[in-house]
Amino acid sequence: MPLVKVNLRKGRTAQEKTAIGTAIQAALVSTLNVPEADRYQLFTEFDDDNFQHTGAFLGMDYTAQLLMVEITFLEGRDDEMKKAFLAQMNKNLVDAGLVRPEDVFVMITEAGLANVSFGRGLAQRAAG
């Protein structure tokens with residue numbers, strides 16, 4: 001049920017956005033065992049005035065290609081799985097020629113099983 005929000009500067013092509021989404025989904029599938037069909041992604045583009053960030057932090061130097069990715073998924077995965085996901089997602093994006101390794105900022109949020117509905121007003125993943 002991951003909900004992926006990719007925040008980026010205006011100017012990327014439709015093909016680049018598709019490739020970004022594909023790279024992220026591939027990492028979710030390979031490291032977190034998310035089904036391929038479980039794909040929910042939003043892309044929000046900003047002009048320079050509305051996409052602000054530090055130029056450098058924690059040894060990272062950011063460029064105008066920075067992606068700010070927000071991912072919400074169901075609770076229950078351990079830290080090692082999350083670290084593997086972050087590493088694989090970064091690798092996929094870099095290998096696809098979409099960003100430099102430094103230009104991927106990610107925030108993961110976990111939701112309880114009863115906090116998500118795939119439709120019909122049901123919490124399909126919650127027990128009972």
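At a glance:
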quantity: Filter result for Lys5 (open to solvent by 60 Å² or more (accessible area, probe 1.4 Å) and either among the β-branched types (Val, Ile, Thr) or more than 17 Å from Gln88 (Cα to Cα) (or both)); calculated: yes
quantity: Residue check, Val29 of a type in the set (Val, Ile, Thr), farther than 16 Å from Val99 by Cα and open to solvent by less than 40 Å² (accessible area, probe 1.4 Å); calculated: no
quantity: Glu36 open to solvent by 70 Å² or more (accessible area, probe 1.4 Å), out of contact with any His (no Cβ under 8 Å at 6 or more places or on another chain) and in a loop (DSSP other than H, G, I, E, B); calculated: yes
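This table checks each residue for (1) under 22 Å from Ala114 (Cβ atoms); (2) in contact with an Asp or Glu (Cβ under 7 Å, 6 or more places away or on another chain).
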| site | (1), (2) |
| --- | --- |
| Asn33 | yes, no |
| Gln41 | no, no |
| His53 | no, no |
| Phe57 | no, no |
| Tyr62 | no, yes |
| Ile71 | yes, no |
| Gly76 | yes, no |
| Asp79 | no, no |
| Lys83 | no, no |
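The values are calculated or read from the model by the stated rules, or taken from the named source; none is laboratory data. The model shown is predicted, which means the values in this text are computed figures rather than measured ones. Cβ coordinates were reconstructed from backbone atoms using ideal geometry, including for glycine residues, and neighbour counts include every protein chain displayed. For the accessible areas, the whole protein counts, side chains as well, though only heavy atoms, and no ligand, DNA or RNA atoms are used. Shrake-Rupley method; radii C 1.70, N 1.55, O 1.52, S 1.80 Å.
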